[in-house]
Every structure is written in structure tokens, then in C-alpha cells.
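In what follows, a structure is listed as C-alpha cells, so that the remarks can point back to it.
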Amino acid sequence: MLRKTTALLTVTAAAIFVAGCGGNENSGQNTKAVEPPTDASATTPPGKGPVDSINWALSSGEPTTLDPVKTGDYSPNTVLMNVCEPLLRMNADYSTSPGLAESWTQTPTSVVYKLRPGVKFSNGKPMTAEDVAGSLKRNMDPATEPINGDFFTSVKSIDATGPLEVTVTMNKPDILFAEGMSTEFGDIVDVADATAAGASYGTASHPPVCTGPYKVASWNAGSSITLQARDDYWDPKLKPMVKTVNFKFLEDTSTLTSALLSGEIDGTYEAPSTSFDTLQKTDAGKLYLGPSTQVFNLSPTNPETPMAKTELAQALDKAIDRAAIVKNVWHGAGTPNRAVIPPSSFGKGPGAAVFQKAYDALPDNSRPDIEGAKALVAKVGAPTKTMVLALPAGDQSQLQIATFVQASAKSIGLNFDLKQMPATEFSSLFYDASKRKDVDLVLSAGYVEVPDPLSYAILLFPKDALFNWTGFDNPQVDADIAKAREATDPVASAQAYVDAQAIWEAQKQRVPIGTPYERLFMNKRITGAPASFAYINMPWAAMIGAS
């Protein structure tokens, strides 16, 4: 949901850009890693041997698609990134390393990717430069209904310039394009297969054909997805130890917890926080905490909702007890956020200190200011109608957060009904304005895919951004975001970003809640999965083996 953090958004913008600018060659060295929380780890003990099969839960329900240009949510990415691969490989510490591109050379307005030889798709066809160029260009084709097009707006051309070479030429410098090549919109598919499938591509009737360590063996709509390990996978260091991965769709947290404790389900990401103590104490397996770039925010849904008024959004922001949410919902395994885009997305590059200084200067909102909130409501008047706060059904932790918000709002004269929606219906809120007309506020569980806050900001705050639902239109914000995106100096880019942040945070275009740690549970017979939220763009299943 709203991942592009949504999110949606590895590597820092600064690290990638500096490595490639001025004509210097980036030959694929690892970039700097993101430091995990002191009480969390990005990895788990490595797997030691083969496993015939595992059952894995998708706690957000069945994927709506496995087409890489249309994915950007918890369930589809959890499956897809074991099947399809991007040009760069994301690691558990959010660094990147060579993937299908074994090296690359970057200037401010071009990137040349040298492709790895000997790579085959799961149907046996060799991966070609034409497949790579065509896969990336699918993100620019309106006919494919891409959701990642914002990351390609500066692209002039993508061409196969050699048997194993692809050149991307930009109209202007753009730090975000290079970052995205370690995420799902850098995934490479058999283009001829995708073209032949048409609208059915990525569905249960026609899953994607890619180069990853697994292939889709079956997809029983409404029931399960099964992945089969590939014997001909190109990377011997990542040869899957688990032969078969069976994904089960378990949205109800109580059902999922019972299945984990009984051994019916071997593991899951986003383990229920409402079962935190139970999962920590059980002998059935282990609950791992990892660093995360997830964000929980409250998002006004349209220009007409009372919550689009700055004063009411500011009032709700002041009323929420974020420290209590972290303590009671996430059991202390998380942090309250002062801003919509959290410090976990700042990376380790030269701009990180600029991001952090500006964040630290924002008001500490971890505890409520009820009197200040009431004064803002009194200034504009409380809405007479009871508003609607939407959240996904079955997720008890999100229900707890929404209940906290509902009570906080009521204490200052704002009344909300909670509307729990099935996963597919809830997901449609993010991409279909007609679905939001009867909703005032959405509890968004999103994520930043790469540690660069700009990668999320471009999807929220520019006038025509994908998730700008209220019609927020601030020319200075648009100018600052464009400046940050085009800057070749990472410190200047960060400064332009924080200038824009000062505006949207003051006006509270979204109300931040907090960031939980990643929660991974595996039963005692398996180990090896990455424990950080970077799993969302990793071939994590290929790392699992016997304990």
C-alpha cells in the first residue's frame, strides 16, 4: 500500500551518483550499507542444507498481479522478487551489488549497463540486451499501465547498444533512475512472452517468465502460489536450497499466528505485532527483528474531505500519542515519526547529515498536545459529519493503530467511523479515485524502497504525483523536488529536499505515525532469510535452508 515508499522506495542516491558522475566508471563495487537498529539485525544464521518444501504466508493476501511494471505492494513483491531480477541486486543491509548487470558506467545523463553473459529465462531462452531494454521501456508504455512511471520521466531513450550492453540516455540528470534498478521496476522479463500475453500478463493465467532462482509452478487463484527452484539458475552462490515454496494467503492475524505456532506455516514476513509476545516466547521458531523503511501515515483521500484542511490535519497530528502506539501496538519495536518520510530512509551518503539535521529540527510529536490540537479545531470549526477512516480488514495491529487515532481524534472533536476493507478492495483505494470518494482518511502502511527520501516524496507531493490525492499544489515544493532530483551534488540535492519538506510538513499534507521494525518469523527447521525490510526487493527464498 502506498509503497512508493508504497512506501514505496538499497543504495543511497548520493552513493550511486557520486560513483558514476564525471565519467568515472562504476565497476559494480558494493555501495555503503544502512546501519541497522542496535537491537535488530539485517540477517539470520545461514541455511545449512536442502529443504524439500516450505509453506510461507502472505499476510497481505493474494497478489493482484505479478507483472513487474504493476507491482509495488507487500504480497506481489514478496513473491515476484524470487522469480524476477533487476539489473542490480539489493542486499539485506540495503547496499547494492551487481545483478543482471555485472558492471555499469554512469555520467550525469547516461548509464551504460554491461550485462552478465550466460543468463537464461525460466523457459530456457537466453536473456538478451533487447529483453533488458524492452523490459525497462515497459515502464514507459501507457498500455502496460505502469505504476513506476515517475522514475522514468527523465529518460530520453533506452537502447540495446551491444549484444550484452544497454544504454540509458537521460534528458537531464536524475539521481532516482539509477536507484530504481535494484527494485521491481528494474526487473527483466522475456519481452516476447510479455507481449504475447497482453493484458493477462502477470495474472494467474500467465505468470511472468524471468531469470530468477525460482519460477512460478502454479497459481491457484484464491488459494495459493507455488514456486519451483530452478536447476539452471545462473548464480551458483544463490542456488536455492528450498526446492518448493508454497505461498498461502492468510490475512487474518489470529489464523496466521495459529498456523505459525502449529507448524502449518513455516514462516512469514510482517509477523503479527499483536502476537509479538507469543511469537517471541514459543519454542516452535524464532521471531527476528530487522531494520525497516516502512512508514505508517494517515492520508486524506480527496480535496473535499475536511481532513484536507491544513488546520484539521495539524490538529490530528498534535492529538496522536505516537509513543503509546509504539509501546502498545509494536511492543517497543519501532519508532515514532516526526515526518512522513522517516530517518531509516536517509542512507549513509554525504546527504544523510543534511536529512537528519532537518528532521531533528522538526517538533517532537511523540507525545500529544491536546490543548494545542483543540485550539486548531476551534479555529476552523469541527466537521458536523462523522468521517470515515479506512484500513485493511484482518490486520489487528492496524486496527489497534486506527483505534488509537479514532480516540485521539474524538478527544479534540473530530469523529471517525472505522471502515475495515478486504485486501483487494483496500488496495484499490490507492489507484482509483472513485473508490476514495466515500472515505476521508486512509491508514497507509507504505515503504521506501531505497534509502533516499526523495524516492518517496516524488510520489506524494508534486502537483501530479501518483498519491497526491488532495490536489496539493505548491510551486516551491515542485521546484525544490525537481532541483533535488537533478542535482549532481548529493549535499545540494539533500538541501533542496529538506527545503521542500519544511513546506509539506508544516501544512501536514499527511500525518505521520511511525516505523515498526521488520518482523520475520521462521520455525526452527529453517533459517537464512534476510531479516531486514530489504527482503521486499530480494530473492530471499533462495537464501533459506535447513537449520
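The values are calculated or read from the model by the stated rules, or taken from the named source; none is laboratory data. Quick caveat, the model's predicted, so the values are computed rather than measured. All Cβ positions, even for glycine, are placed from backbone atoms using ideal geometry, and neighbour counts span all protein chains on display. Please note that ligands, DNA and RNA were not included when accessible areas were found on the heavy atoms of the full protein model with its side chains. Shrake-Rupley method; radii C 1.70, N 1.55, O 1.52, S 1.80 Å.
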Residues that are of a type in the set (S, T, N, Q), part of a strand (DSSP E or B) and within 17 Å of Thr71 (Cα to Cα), drawn from the range 167-209:
Thr203
Can you go through Asp231, Asp277 and tell me which one is in a loop (DSSP other than H, G, I, E, B) and either surrounded by fewer than 17 Cβ atoms within 10 Å (Cβ to Cβ) or among the acidic types (Asp, Glu) (or both)?
Asp231
Restricted to the range 500-525, and to residues that are open to solvent by less than 30 Å² (accessible area, probe 1.4 Å) and out of contact with any strand residue (DSSP E or B) (no Cβ under 7 Å at 6 or more places or on another chain), which residue is nearest to Leu429 (Cα to Cα)?
Gln509
Looking at the range 151-167, can you tell me whether even one residue there is under 24 Å from the mean Cα position of the chain (by Cα) and either among the small types (Gly, Ala, Ser) or within 18 Å of Asn77 (Cβ to Cβ) (or both)?
yes
Can you name the number of the only condition in (1) within 30 Å of Ala494 (Cβ to Cβ); (2) at pLDDT 95 or above that Leu376 fails?
(1)
Inside the range 312-330, the number of residues satisfying the requirement of being assigned to a helix (DSSP H, G or I), over 15 Å from Asn365 (Cβ atoms) and open to solvent by less than 30 Å² (accessible area, probe 1.4 Å) is 1
Test Ile536 against the stated conditions and say whether it is outside any strand (DSSP E or B), open to solvent by 10 Å² or more (accessible area, probe 1.4 Å) and at pLDDT 95 or above.
no
Any residue in the range 422-439 that's under 15 Å from Asn302 (Cα atoms): show its pairings with residues that are modelled with pLDDT under 90 and among the basic types (Lys, Arg) at Cβ separation under 9 Å, as long as the two are six or more apart or on different chains.
Phe430/Arg3
Over the range 466-494, the set of residues in a loop (DSSP other than H, G, I, E, B) and open to solvent by 10 Å² or more (accessible area, probe 1.4 Å) is Leu466, Asn468, Trp469, Thr470, Gly471, Phe472, Asp473, Asn474, Ala487, Thr488, Asp489
Give me the residue from the range 488-547 that is in contact with a helix residue (DSSP H, G or I) (Cβ under 9 Å, 6 or more places away or on another chain) and of a type in the set (Lys, Arg) and, out of that set, nearest to Leu460 (Cα to Cα).
Arg510
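Go through the residues of the range 93-116 one by one and say whether even a single one is in a helix (DSSP H, G or I), at pLDDT 95 or above and at negative phi. Explain how you work it out, then say what you get.
The initial filter retains those residues of the range 93-116 that are in a helix (DSSP H, G or I), namely none.
Checked the range 93-116: no residue is in a helix (DSSP H, G or I), at pLDDT 95 or above and at negative phi.
Can you pull out the residues in the range 331-340 that are small (Gly, Ala, Ser), farther than 20 Å from Trp504 by Cβ and in a loop (DSSP other than H, G, I, E, B)? Give the steps one after another, and end with the answer.
First pass over the range 331-340, keeping only residues small (Gly, Ala, Ser): 332-334, 339.
Adding the requirement that they be farther than 20 Å from Trp504 by Cβ leaves 332-334.
Within the range 331-340, Gly332, Ala333 qualify.
Would you be able to tell me the number of residues in the range 495-522 that are within 30 Å of Ala259 (Cα to Cα) and either out of contact with any Leu (no Cβ under 6 Å at 6 or more places or on another chain) or part of a helix (DSSP H, G or I) (or both)? Give the derivation first.
Taking the range 495-522 first, the residues within 30 Å of Ala259 (Cα to Cα) are 513-522.
From what's left, either out of contact with any Leu (no Cβ under 6 Å at 6 or more places or on another chain) or part of a helix (DSSP H, G or I) (or both): 513-516, 518-520, 522.
Adding up the residues that qualify gives 8.
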Taking only the range 234-249 into account, find how many residues are open to solvent by less than 70 Å² (accessible area, probe 1.4 Å) and over 15 Å from Asn523 (Cβ atoms).
8
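Answer yes or no as to whether Tyr497 is under 19 Å from Pro350 (Cβ atoms), open to solvent by less than 10 Å² (accessible area, probe 1.4 Å) and not charged (D, E, K, R). Quick ask: steps written out before the conclusion?
Numbers: under 19 Å from Pro350 (Cβ atoms): yes; open to solvent by less than 10 Å² (accessible area, probe 1.4 Å): yes; not charged (D, E, K, R): yes.
Judged against the criteria, Tyr497 is a match.
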Strands (runs of 3 or more DSSP E) fully within the range 341-457 counting 1 or more residues that are within 23 Å of Glu311 (Cβ to Cβ) and under 23 Å from the mean Cα position of the chain (by Cα)
387-392, 441-447
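Would you be able to tell me the number of residues in the range 431-441 that are closer than 30 Å to Met181 by Cβ and either of a type in the set (Gly, Ala, Ser) or modelled with pLDDT of 90 or more (or both)? Explain how you work it out, then say what you get.
If we filter the range 431-441 for residues that are closer than 30 Å to Met181 by Cβ, which is where we start, we get 431-432.
Subset that is either of a type in the set (Gly, Ala, Ser) or modelled with pLDDT of 90 or more (or both): 432.
Total satisfying the criteria: 1.
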Under 6 Å between Cβ atoms, which residue pairs at least 6 apart in sequence (or on different chains) link something in the range 144-157 that is under 15 Å from Ala457 (Cα atoms) and of a type in the set (Asp, Glu) with a partner that is open to solvent by 30 Å² or more (accessible area, probe 1.4 Å) and assigned to a loop (DSSP other than H, G, I, E, B)?
none
Answer from Arg89, Arg116 - the residue that is open to solvent by 30 Å² or more (accessible area, probe 1.4 Å) and either among the aromatic types (Phe, Trp, Tyr) or farther than 19 Å from Glu449 by Cβ (or both)
Arg116
Hits in the range 489-507 (condition: at pLDDT below 95 and charged (D, E, K, R)):
Asp489
Could you tell me which numbered condition Asn55 fails, if it satisfies all but one of (1) part of a loop (DSSP other than H, G, I, E, B); (2) touching a strand residue (DSSP E or B) at 6+ places or on another chain (Cβ under 6 Å); (3) open to solvent by 10 Å² or more (accessible area, probe 1.4 Å); (4) polar (S, T, N, Q)?
(1)
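Is the range 421-428 home to any residue that is among the aliphatic types (A, V, I, L, M), crowded, with 24+ Cβ neighbours inside 10 Å and farther than 25 Å from Asn365 by Cβ? Outline the logic, then answer.
Let us first name the residues in the range 421-428 that are among the aliphatic types (A, V, I, L, M), namely 421, 423.
Checking which are crowded, with 24+ Cβ neighbours inside 10 Å leaves us with 423.
If we keep only those that are farther than 25 Å from Asn365 by Cβ too, we end up with 423.
Yes, that holds for at least one residue.
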Hey, can you tell me all the residues within the range 250-260 that are touching a helix residue (DSSP H, G or I) at 6+ places or on another chain (Cβ under 9 Å) and open to solvent by less than 40 Å² (accessible area, probe 1.4 Å)?
Leu250, Thr253, Leu256, Thr257, Leu260
Residues that are touching a strand residue (DSSP E or B) at 6+ places or on another chain (Cβ under 9 Å) and charged (D, E, K, R), drawn from the range 182-234:
Glu184, Asp187, Asp190, Asp193, Lys215, Arg230, Asp232
Would you check if there is a residue in the range 296-311 being acidic (Asp, Glu), open to solvent by less than 20 Å² (accessible area, probe 1.4 Å), at pLDDT 95 or above and out of contact with any Ser or Thr (no Cβ under 7 Å at 6 or more places or on another chain)?
no
All but one of (1) farther than 30 Å from Asp232 by Cβ; (2) of a type outside the set (S, T, N, Q); (3) assigned to a helix (DSSP H, G or I); (4) modelled with pLDDT of 95 or more hold for Ala542; which doesn't?
(1)
